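First up is the structure itself, then whatever we jot down about it.
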Amino acid sequence: MAPLLIFAGSTGVQAEISQVPLFLTVEVEPNIVFVIDDSGSMHFETLPDEVSMDTFGGLEWWHRGVFYMFPPADRIYGGDTDYWRSSTYRGFNLHNIPGFGATDRWAAFFRSHHNNAMYYNPQTRYLPWVSADGTPWPDADPGAAYHNPADTDKGSRNLTANNWQYGCWINPAANNWTSNWGLCSSESRSFYPATYFNYQGGDVNEASSYERIEIKAGNGPFIGGPKRTDCADPDACTYEEEIQNFANWYTYHRSRILTSRGGIGRAFAAQGEDIRVGYGTINAGSSYLDSEASPGTMVRGVRSFSGTDREEFFSLLYERDIPLSGTPLRRALDDVGQYYTREDARGPWNTTPGATGGSNLACRNSYTVLMTDGYWNVGNEHAARHSSRRANVDDQNGPSILNPVPLAENFQYTPEPPYQDDWSDTLADVAMYYWNRDLCPNISNRVPTSVFNEAYWQSMVTFGVGLGVSGTLDQKTDLGSLKSGDLDWPDPTTDATPRGAKIDDLWHASLNSRGDFFSAMDPEIFSEKLGGLLASLVDRKTGTAAAIATNSTRLIDNTLIYQARFDSETWSGQILAYNINSDGSVGEVEWDTHDSGKVPAHGDRSIFTWNGTDGVPFTVAGWDNLSSVQRTDLRAGGSDDQGKDRLNWLRGDQSMENDQEGGYLRPREHILGDIVNSDPLIVGAPDFQYQDLPAGTPGRDTYKSFRIDNAARTRLLYIGGNDGMLHAFDANTGVEQFAYVPAAASSAGLANLSDPDYVHRYYVDGSPSVGDAYLNDSWKTILIGTMGGGGRSVFALDVTDPDTFDESNVLWEFSHPDMGYAIGKPVLARLQNGQWAVLFGNGYGGDSHRAQLFIVDAQSGELIRRIDTGAGSAGDPNGLSVPALLTDAHRTVTTAYAGDLHGNLWKFDLNDELASDWDIPFVTNPGAVRRPLFTARDNSGQMQPITAPLELGAHPEGGVMVYFGTGKYFEVGDNIVGANPPVQSFYGIWDNDSRITETDRSSLVSQTILAEGVLHDSSDDQLRAVSQNSVDYNANPSPQRGWFIDLVSPVAGLQGERVVSAPVLRRGRVIFSTLIPLADPCSAGGTSWLMELDAVMGSRLDESVFDVNDDTEIDDDDKITIIVDGTTMTVAASGIQSQVGIIKTPAVIEAGDLEYKYFGGSEGGIAVIREKGGDADELGRRSWRQLR
């Protein structure tokens, strides 16, 4: 028979596609211990400290500082005494209070928000605190505004009338050289409390630079600003509106502790019940916690954030005393770290913390949020409680941490920038100590990793939160230098160094533990950032649903594999290139798209699009060349200027992100958007063997020279991203070369990506494919892409010379009403009429609801032929998956095969020069009802959807073997396994040019999974054994037509197991991975089995495939023992369960007598299986390796 040459593509999905990866929907609530600064400085009504201390030449001594704006009530926030009264120095139990006079520079300076971030800002709307359920507390009463809303017994102030109060009022003429006795005068004064000063420009130390505003009925209107949504006219607030806002500020936001409690409460109230929260204070924790002794700091262990537990958190937050104490941040963080080492039944890792009856979960992330308004205190009394945590931990090798994946490397921290420094006994050392070691050695290491945090072990991640504090380093500009080692961390360990070094140390602590740090002066920004941080901790997860790609099919020097990942917190994407070691193991990262310069600056990027008729640059300069649909989408109901802002944002411009001055678009840490279902594609030198085309075929005689001319072509990696682009990266360096924005992305709402309230959806989520074609009298390399679940279109790019790619290389973009979401890879091929065409199934969600095959001209994008199967209706929608193509000896297509949602396996006869004669060969009446080659049904007659790609192979009796699995895993709800899930199967169907008419599978041989579990004395691996029934392909008069295996566990029964990725034929074996969705919160959304069966019979192999006993030899010692119907048997294993979550089709690299299979796991890692190459009975060693 003629050689069998095969092309195949990728996965199809249902019309109601889940717009987030399904394996992310099973969550484990993270632990969050919130530690609030309860030092005495939290009483202060000034911010930052420098304002209080350095005014008018520098108030060098604390007793000369200004900390209160009003004479405070006695012990207003509880505790034994008030903080920083001047009695120690002056003999008076009073505070230094600035006056209210219009010409008083002390009054002007401190009662202006321009200088004192704690004071009233007329541009800000001040809201009351909120309860646990988000219900706001009452507005403050301007005539009786409470000093402390949580303790109304402390009294109130009438803000609408003159007050008469005794205090130590600062003398207007006082300065740093004024004597202690002359700084303030102890007397009673009359003042109008609802007063603030607006800075007008000039010397901030002069009263003439300010305008005094008294909020009185006759002084309105009062100028607010766009944030004053409480005012009917924000630019002209009424007296009633303004005095109410001032009263809310006074009662709920006047001091550091008041505004912190308000911001923290509002941030936590916005969270759902999918977190577990504990509470601590840096000075006043409990000595006994959840039935165990506690060193302090912790007030309450983690609890579910619902019901009375939620309410108790708010009570602790609002009502606990603020004592007269310092800022022992190092000791506090150490105490929380010790709490996270608890493995007992009431500890933080248990499902019922604080109570017995639960169990420890191995996959729970744990965080500490450490909030402070100041600089930590030096001295051993404020340090970590043990010398091991006071060492220079980040400059020492950490302990080795067991990796749970067999044969995987353990983790050990080794000092490197930006983590290491020269200083001991720092906050960063404490944070590193609790991150770089396994806090719970008796709990398995199954913690999900992320792009931020590689820790798969139980550890503590620290987030630093500052209120109005800043360090000596700039987070945005200095991080790169810290990472490169060009900049060192300053010494925070003495009071002689700049105090800002201690805030740098808080940032350093956050980096060491793979957390983050922010500081905010503005109460509103403080609350917003804290709320965003808390929300992100629920979603701080990395995964991959993409397959692995390689730059070579053989293991040679510089062989790389490529993995695409995503982060569901920020919906950013990442591509990693790994070196492959000589033993096939995965080596170091060669490049990472997160590294600086991999995505060029927005003005330097080459990005193109299709405007409906032509390719055009996707630039602001080319705004008028975009289609009206594209411009309307980008405007999003606004102006052209706003549309151009969004276009620049999509290009990577971050200047209009809402964390920038005047910005209003979604902020991003990384420009590259998430990559979920798009598999990376490597395109280098062409080699499609088209010199074998029939003699006289145009292009046949020039293909060899085309290959030679392009042998050194720049190798690029192409991949779709849900930032609305297909990206092209240099496969050797990782630098983006160009990108393409499909026109259909605008129909999907491309502008939504820039919305701060963006809800994730797919855009360019399909996997690209590539091929060579002879077009317009020359050979071209054509890339074909789809939007997958993001849109209903297919596009073509000329990537023959990627170094010169521009808008002229955008060939076409195709859509059609009957085309749905084309998830699989289109296939480029030569047809019998000599045309070069792109073939693809119509996918899911087309207007006709029927399964159809599309054949489109590769040069023009015009439709050549659309073959409608007739299967499907509005009431029973259908769609066709990606086709597999059969070619003849001359590499010309003769037949296409594809499956549909109704379980039909369709055969399309394309072996004719007339396109009008291409059709389905099986019809009830000519031109009438078309029939499939086979319909997949389970034993009860229920149809089994075919959404995965097919694989084709030669049959020993002639004809074609078609291999495929059934099931789907992209529709909303596909991850939910009910009480009685449908049976899915894997099939090997023999096409001998006649259709299989039986509906009960009677013409097929059934194989079964006979055994499953730990089936070898020397291995803990979960293994499977399959039956070994024979298929009689020569039976007379009715030969059997193939085989099937139902995916039913002999132990667990029906689990919803299915096949949704492409099978592979290797050395007489059919290799496929299955998928089992799991509700187990530690399962990365599910698990998979890698199955290897005899391709012709579907039975187990005679010889072992896996090195079950890990002795590096494949022999009879690797066989497993099973019992079938009471009979003990020793057989070869047929499958092994994944230990890295859900896996897809492997990438395979050959190395002499060995071959290596590489899988991406749903938890973000890479699995490797090593086998011996050669004949089917020369099968090699199995090894798994996980990269975190």
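The values are calculated or read from the model by the stated rules, or taken from the named source; none is laboratory data. Everything numeric in this text was worked out from a predicted model, so none of it was measured. Please note: Cβ atoms are built from the backbone with ideal geometry, for glycine as well, and neighbour counts cover all protein chains shown.
So that you can scan it fast, the table gives a plain yes or no per residue for (1) farther than 30 Å from Ala954 by Cα; (2) buried (at least 21 other Cβ atoms within 10 Å of the Cβ); (3) at pLDDT below 90:
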site	(1), (2), (3)
Ala1095	no, yes, no
Arg1100	no, yes, no
Val1108	yes, yes, yes
Thr1112	yes, no, yes
Asp1115	no, no, yes
Ile1123	yes, no, no
Thr1130	yes, no, no
Ser1138	no, yes, yes
Gly1141	yes, yes, yes
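Just checking, does the stretch 919-928 include any residue being at pLDDT below 95 and among the acidic types (Asp, Glu)? Break it down stepwise before answering.
Filtering the stretch 919-928 for residues at pLDDT below 95 gives 919-928.
Retained after the next criterion (residues that are among the acidic types (Asp, Glu)): 919.
The answer is yes; a qualifying residue exists.
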Need the failing condition index for Val378 against (1) at pLDDT below 95; (2) over 26 Å from the mean Cα position of the chain (by Cα); (3) aliphatic (A, V, I, L, M); (4) within 22 Å of Glu29 (Cα to Cα), just the number. (4)
How about the stretch 92-139: which of its residues are acidic (Asp, Glu) and surrounded by 18 or more Cβ atoms within 10 Å (Cβ to Cβ)? Asp104
Residue count for the stretch 456-512, restricted to those that are of a type outside the set (S, T, N, Q), in contact with an Asp or Glu (Cβ under 8 Å, 6 or more places away or on another chain) and free of Cβ contacts under 8 Å to residues at least 24 places away in the same chain: 2
Gln458: within 21 Å of Ala332 (Cβ to Cβ) and outside the structural domain of Cys1082 (by TED's automatic domain parsing), yes or no? yes
Which condition does Val882 not pass, out of (1) surrounded by fewer than 24 Cβ atoms within 10 Å (Cβ to Cβ); (2) β-branched (Val, Ile, Thr); (3) under 35 Å from the mean Cα position of the chain (by Cα), if it passes all the others? (1)
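Do any strands (runs of 3 or more DSSP E) entirely within the stretch 131-218 hold 2 or more residues that are more than 17 Å from Tyr120 (Cα to Cα) and of a type outside the set (D, E, K, R), and if so, which? Quick ask: steps written out before the conclusion?
Values: elements: 163-170, 184-191, 195-199, 210-214.
Those strands (runs of 3 or more DSSP E) span 163-170, 184-191.
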Residues of the stretch 374-388 being of a type in the set (Gly, Ala, Ser) and either closer than 12 Å to Ser424 by Cβ or surrounded by fewer than 15 Cβ atoms within 10 Å (Cβ to Cβ) (or both), in sequence order, are Gly379, Ala383, Ala384, Ser387, Ser388
Which pairs do you get when a residue that is more than 9 Å from Thr462 (Cα to Cα), found in the stretch 423-437, comes within reach of a residue that is hydroxyl-bearing (Ser, Thr, Tyr) and in a helix (DSSP H, G or I), reach meaning Cβ atoms under 8 angstrom, with the pair 6+ apart or on two chains? Tyr433/Ser388
Of Ala267, Ala236, Ala247, the only residue that is crowded, with 24+ Cβ neighbours inside 10 Å and not assigned by TED's automatic domain parsing to the domain that holds Gly354 is Ala247
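Assess whether Ala564 counts as being at pLDDT 85 or above, touching a Ser or Thr at 6+ places or on another chain (Cβ under 7 Å), outside the structural domain of Pro128 (by TED's automatic domain parsing) and not charged (D, E, K, R). Please lay out each step first, then the result.
On the way: at pLDDT 85 or above: yes; touching a Ser or Thr at 6+ places or on another chain (Cβ under 7 Å): yes; outside the structural domain of Pro128 (by TED's automatic domain parsing): yes; not charged (D, E, K, R): yes.
Against the criterion (at pLDDT 85 or above, touching a Ser or Thr at 6+ places or on another chain (Cβ under 7 Å), outside the structural domain of Pro128 (by TED's automatic domain parsing) and not charged (D, E, K, R)), Ala564 qualifies.
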Filtering the stretch 463-482 down to residues that are crowded, with 23+ Cβ neighbours inside 10 Å and within 21 Å of His594 (Cβ to Cβ) yields Phe463
Would you check if Leu324 is surrounded by fewer than 21 Cβ atoms within 10 Å (Cβ to Cβ) and either part of a strand (DSSP E or B) or free of Cβ contacts under 8 Å to residues at least 60 places away in the same chain (or both)? no
Take Thr103 and decide whether it is at pLDDT 95 or above, more than 55 Å from the chain's Cα centre (by Cα) and closer than 22 Å to Arg212 by Cβ. yes
Kindly indicate whether any position in the stretch 353-360 is at positive phi and modelled with pLDDT under 95. yes
Among (1) touching an Asp or Glu at 6+ places or on another chain (Cβ under 7 Å); (2) at pLDDT below 95 - the single one Asp993 does not satisfy: (1)
